[in-house]
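The values are calculated or read from the model by the stated rules, or taken from the named source; none is laboratory data. Every value quoted in this text rests on a predicted model; they were computed, and no experiment measured them. Every residue, glycine among them, receives a Cβ derived from its backbone with ideal geometry; neighbour counts consider all protein chains shown. Only protein heavy atoms, including side chains, enter the accessible area calculation; ligands, DNA and RNA are left aside. Shrake-Rupley method; radii C 1.70, N 1.55, O 1.52, S 1.80 Å.
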Amino acid sequence: MLVWLALLAASLLVATRARIMSDFTAFLPARLDADQALLVHQLREGVAARMILIGISGAEPGALAGASRALAQRLSASAQFAYVNNGEARFGAADRAFVERWRYLLSPAVAPARFSPAGLREAMQRALEALGSPLGGMLASSIAADPTGEARRYLESLPAAGPDTRHGVWFSPDGRSALLVAETRAAASDLDAQARAVNEVRAAFAAAAGADKASLTLSGPGVFAVESRALIRADASSLSLIAGAAVLTLLLFVYRSAALTLACFLPIASGILVGVALVALAFGSIHGISLGFAAILFGEAVDYPSYLFLHNQPGDTLRTTLARVWPTLRLAVLTTVLGGLSMLLSSFVGLAQLGLLLMSAILVAGLVTRYVLPEIAPARPVALARLAPLLGWSALARHQRALRALAWSALALVLALGVLRPGALWDDDLGKLNPIPDVERRADQQLRAELKAPDVGAVIVLRAPGREQALERSEALEPALRGLVDDGLIAGYEAASDILPSEALQRARRAALPGARALRDALAQAQRGLPFRPGLFEPFLRDVEHARSGPLLEPADLRGTGLALKLHALLFPLHGEWVALIPLRGANDLAALAARFEALHAPGAKLLDLRRETGRMIARYRGQTLKLTALGVAAMFGLLAWGLGGLREAARVLMPVLLAATVTAGMLPLFGSPLTLFHLVALLFVVGTGLNYSLFFNRVPRDPDERRRTLLSLTVCCLAVLCSAGALALSATPVLRAIGLTVLAGTPLALLFSAAFGRDSV
Amino acid sequence: MRSLYRALAACLLALACGAAAAQQAELAQVMRLLSAVQASTVRFSETKRMAALSEPLVLSGRLSYQRGGRIEKDVETPYRERIVIDGDSMLVESPARGESHSYSLRASPAAWAFAQGLRATLSGDLATLERYYRTSFSGGEEDWTLELAPRDDEMARYVRSIEFRGRRADISQISVNEAGGNTTVMTIRPDGP
């Protein structure tokens, strides 16, 4: 008793301070190989993950364009965003200044011939025509400094993937929404910073002119993470409340006693409190999904006190009832704990969390039922006659033979369908683990396609011991990449070496620049007969000399530019080596691309299809989870054999439950929801509860009254699970809904099958 | 005595207002004439005096306009170049080099305002014209001058004023005074041999 109270106090202290997480990448495995580590790094930190996609719609195009300009202006001024673009200008002022400063080391066109008299003569002719064009005076200063047009040439060489422009800003192809992108400075995994950024976008939009009629659509990983955190928090708390209220109503109806009803909640409340505290201690924080799962535990663990209270016959004390029920109850608790243990061993962090929560909550609930409840709860047997209507379904269970036949044919049907449509069983899309509603995911896909924004897709990964080697390898690969573009295998690519050329390439470009005297002579020769003012090209002579004898370009020189952001996304250190990513756009025929890439034999380079890679990762851990589940079931079998004193007995108890779980697993994909890891968790839960039913159905009752009480307790317990699972099935979060629906379908099946195969006809 | 001055001042003010109103009416009339033009092709000779050049650059060629905002400038001497302004874009073609580039006019507020001013004048669209420029009109239908001063700061950094001269719906001269002392004077005469 004292131990219990002390434990509760300590848990309360820890649990109330627990940090709630909702970043779905937290559910990913903790141990990763190099490719997977890169994947997770991209999901958490990558530039695509930091991007907020913004759509403004619902007004006439002119007003939308105005709102887009106002919004872009406000966001550019904010410290939250490293880069904002609405299509007005492809490059910002900082980028232009950077390119102007470093043009002779950046431009791929820099070569000796370009600065010969002949090369300069052509440049002079172009310069004259540029001056002669409308508003040519605007170009005068850039012509004087950069007559060969290196800055413009370089900027034009950068990939220009962007949406259509209308009224000067980006628009969706249908012209209904103006589009913007904003990249946060903070990583996608920094949820508080992401939340601030999202709020800032909303505030800036509200303050922007013409926004009163238009509406704002936000999308992107950070936005989703923020929204799903709010969603899960709201879901987890409101669903727990709904589940709690539903179960409370049920118990009040059954017991007609506030004391007993309250006592029913005591074990599981203690269990969840201890469980949450343990998870927080072991993992540093608790995931919102684990917390939502706690709602369903409410349904299961009111079982234990219910078995105790409902088996309480007139004239018995709770202690004597417990003495009769405990051997069975003990097995019920221990088998469920084993189920939790098998999840705890998973290398999927999320599953391990759920396992620990399940295991500790159930164990504590069992112990509290055993040691605390008999001390504090009153013995108040319920009147069976009043609750007779609840047992109506047992008429059905009397046709054991028919039910068994039904169960086997259901199994056969499900297996047959599984063989016929093997592909539809599992869904390894990482996105399905992402707790965002489908509607928003579709909106995101649309916005992403309209913005032609980078998506996880095909990417070439270059690994090298150092930054320079990575850049050199990237440069060596570029001719081949241009070949891929020419052959239509890809639409384009982005490479870090285009933004930061390797030192070797920078030196080669520098060597192509003539000395001050030679350049002056060549320029004089080239200008002959053209009406340029003497001395006009002094800035050009000065800048070339500066580039020739000045420092090389370093990453620090990019500070404050949009290009820096791109560079950091494409080139970064990871686990002691440097990684250069080359995202490929428009890679539709991946097989052909892979074949061509294979033939290149590029050192340190690997072509990855990120989407398939994530799927493979999920599949691998799903395989592991299945193995662990099988192990867990085997352990349950062993425990049952020990507890019931025989393999046959154990098999008799376990079989109907496994049958119910298999049929449920087979049924779910038929209703259009292929199985994910979370369904597996829910099925494990169904097995846990189902075993309770099966154990009690196989227990020999003392007399007909106790038999009816057993039936009543199982019925009430099943109803309680249905209440809480029903609440979870209402969730807007796909993961919680999946768990709820699985339990909702599986638990009644487990009850029915347990009755059908039970030793004792009901 | 004082009341006499006051009456005089009132008279002068009324006269000035009347004159302004009359000019406004003349401008509207010229705009009406211009708006009736469906298409036209003229020859031009353009003299650009620029700080970057030691002597003026003189271009000549053909200019054509189509109602709806399409303007084509074919430079024939001293080099060949074709510039087409249509909608949001400007196409620049160099036949000698076999190159052509398309630019978004919207990308530069100054270029956009310039193109809009040109188009609005040619099509007699006074409302658009006054959105981008302060206008001042002098002369009469038979010999008019329309001066445009950009309202947009970004454009004002590059262009001080644009001046059109004409007789009825025929524009005879377009002058552009750029910031920094660059001037462009384009004289226009009917297309012919």
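Once the Cα atoms are used to define both axes, helix A:117-132 deviates from the longest principal axis of chain A by about 80 degrees. What residue among B:S60, B:S172, B:S102 has the largest mean-square fluctuation in a Gaussian network model of chain B, using Cα springs under 10 Å? Ranking B:S60, B:S172, B:S102 by mean-square fluctuation puts B:S102 first.
Between the residues A:L505, A:Y493, A:A522, the greatest Cα displacement towards the positive end of the dipole of segment A:479-551, with unit charges on the Cβ of Lys, Arg, Asp and Glu, is found for A:A522. Computed about the Cα centre, the dipole magnitude for the protein assembly as shown is approximately 2180 debye when only Lys and Arg (+1) and Asp and Glu (-1) carry charge, each at its Cβ. Give me the percent of accessible area attributable to carbon and sulfur for the protein assembly as shown, probe 1.4 angstrom. For the protein assembly as shown, the apolar C and S fraction of the accessible surface comes to 59 percent. One quarter of the surface of the convex hull around the alpha-carbon atoms of segment A:550-594 equals 5.5 nm², the direction-averaged projected area. Summarised in one figure, the compactness ratio Rg/Rh of chain B, Cα atoms and Kirkwood Rh, is 1.05.
Could you work out, residue by residue across A:122-133, how many beta carbons of other chains sit within 10 Å of that residue's beta carbon, and then give the average as an integer?
On the way: counts 1, 0, 0, 4, 3, 1, 5, 11, 1, 6, 12, 8.
Mean partner shielding for this stretch: 4.
Neighbours of A:T184, meaning other residues whose beta-carbon lies under 12 angstrom from its beta-carbon, give a summed charge of -2 when Lys and Arg score +1 and Asp and Glu score -1. Under a model in which nothing but the beta-carbon of Lys, Arg (+1) and Asp, Glu (-1) is charged, segment A:588-675 shows a dipole of about 100 debye around its Cα centre.
Each residue of segment B:167-177 was assigned a 3J(HN,Hα) from its phi angle through the Karplus curve 6.51 cos²θ - 1.76 cosθ + 1.60 (θ = phi - 60°); the sequence is 10, 6, 8, 9, 8, 10, 8, 10, 10, 10, 9 Hz, with glycine and proline shown as x. Amide H to amide H distances under 5 Å link A:H287 with A:M21, where only residues 5 or more positions off or on other chains count and H is placed in the peptide plane. With the helix formula -39500 (n - 2.57) applied to DSSP H stretches of n ≥ 4, chain B reaches a computed 222 nm mean residue ellipticity of -10000 deg cm²/dmol.
Where does each of A:K566, B:K73 land when they are ordered by accessible area, with a 1.4 Å probe and the largest first? Don't jump to the answer; show the numbers that get you there.
Working: A:K566 80, B:K73 15 Å².
So, going from the largest accessible area down, we get A:K566, B:K73.
Just the projected area, averaged over all directions, of the convex hull on the alpha carbon atoms of segment A:170-257: how many nm²?
9.7 nm²
Just from its helices, what would the mean residue ellipticity at 222 nm be for chain A, if runs of 4 or more DSSP H residues each count -39500 (n - 2.57) and the sum is divided by every residue, rounded to the nearest 500 deg cm²/dmol? The partial results should precede the final answer.
On the way: 30 runs with 483 residues, N = 762.
One gets -21000 deg cm²/dmol as the mean residue ellipticity at 222 nm.
Of interest is the spacing of the C-alpha centroids, which for segment A:135-158 and segment A:343-363 amounts to 63 Å. Size check on segment B:32-141: the Cα extents along the three principal axes, sorted descending, read 41, 29, 27 Å. Using the average count of surrounding beta-carbon atoms within 10 Å as a protection proxy, the listed peptides B:104-110, A:335-341, A:468-474, A:619-625 rank, highest first, as A:335-341, A:468-474, B:104-110, A:619-625. Gyration tensor analysis over the Cα atoms of segment A:700-762 returns equivalent ellipsoid semi-axes of 30, 12, 5 Å (largest first, whole Å). Ordered by solvent-accessible area of protein heavy atoms (1.4 Å probe), largest first, the residues A:H575, A:H41, A:H568 come out as A:H575, A:H568, A:H41. Between B and A, roughly 2200 Å² of accessible area is buried in total, ligands, DNA and RNA not counted and the probe set to 1.4 Å. If you plug the beta carbon distance of B:V185 and B:A96 into 1/(1 + (r/R0)^6) with R0 = 25 Å, you get a FRET efficiency near 0.45. Note on segment A:608-752: dipole from Cβ charges, positive end direction compared against A:A619, A:L644, A:F678; the farthest Cα belongs to A:A619. Remark: segment A:306-430 carries a charge dipole of roughly 680 debye about the Cα centre, counting +1 on each Lys and Arg Cβ and -1 on each Asp and Glu Cβ. Per residue of B:104-117, other chain Cβ atoms within 10 Å of the residue Cβ number 3 on average. On full extension, the segment bounded by A:L530 and A:D486 gains 12.0 nm, given 0.36 nm per residue less the C-alpha separation. Normalised per residue, the accessible area of segment B:86-162 is 47 Å², obtained with a 1.4 Å probe and no contribution from ligands, DNA or RNA. Taking the centroid of alpha carbons for each part, segment A:265-280 and segment A:42-80 are 44 Å apart.
Placing A:F91, A:F348 in order of accessible area, with the largest value first and a 1.4 Å probe, yields A:F91, A:F348. In segment B:60-98, burial by the other protein chains removes 50 Å² or more of accessible area from B:Y79, B:R97, compared with the chain on its own (1.4 Å probe, ligands and nucleic acids ignored).
Just going by the charge dipole of chain A, with Lys and Arg at +1 and Asp and Glu at -1 on Cβ, which of A:V414, A:Q469, A:A556 is farthest out on the positive end? So the residue we want is A:V414.
The fraction of Cα-Cα pairs per 10 angstrom bin, counted from 0 for segment A:607-721, comes to 12, 33, 31, 15, 6, 2, 1, 0 percent, rounded to whole percents. Here A:A594 and A:A504 are evaluated by their C-beta separation; at R0 = 30 Å the FRET efficiency comes out at 0.50. Backbone phi angles across segment A:186-199, fed through the Karplus curve with coefficients 6.51, -1.76 and 1.60 (θ = phi - 60°), yield HN-Hα couplings of 6, 5, 5, 7, 7, 5, 5, 5, 4, 5, 5, 5, 4, 4 Hz in residue order; Gly and Pro are listed as x.
Per residue and in cubic angstrom, what volume does the convex hull of the Cα atoms of the protein assembly as shown have?
So the per-residue Cα hull volume is 256 Å³.
Quick one: accessible area per residue over chain A, 1.4 Å probe, rounded to a whole number of Å²? Numbers along the way, then the final one.
On the way: 30390 Å² over 762 residues.
For chain A, the solvent-accessible area averages 40 Å² per residue.
Burial annotation for segment B:174-193: residues with an accessible-area loss of at least 10 Å² between the isolated chain and the complete set of protein chains, computed on heavy atoms with a 1.4 Å probe, are B:E178, B:N182. Global size of segment A:225-293: 14.6, 44 Å for Rg and Dmax (C-alpha atoms, Rg to one decimal, Dmax whole). Evaluating 6.51 cos²θ - 1.76 cosθ + 1.60 at θ = phi - 60° for every residue in segment A:393-404, the Karplus couplings come out as 5, 5, 4, 5, 5, 5, 7, 4, 4, 5, 5, 4 Hz, glycine and proline recorded as x.
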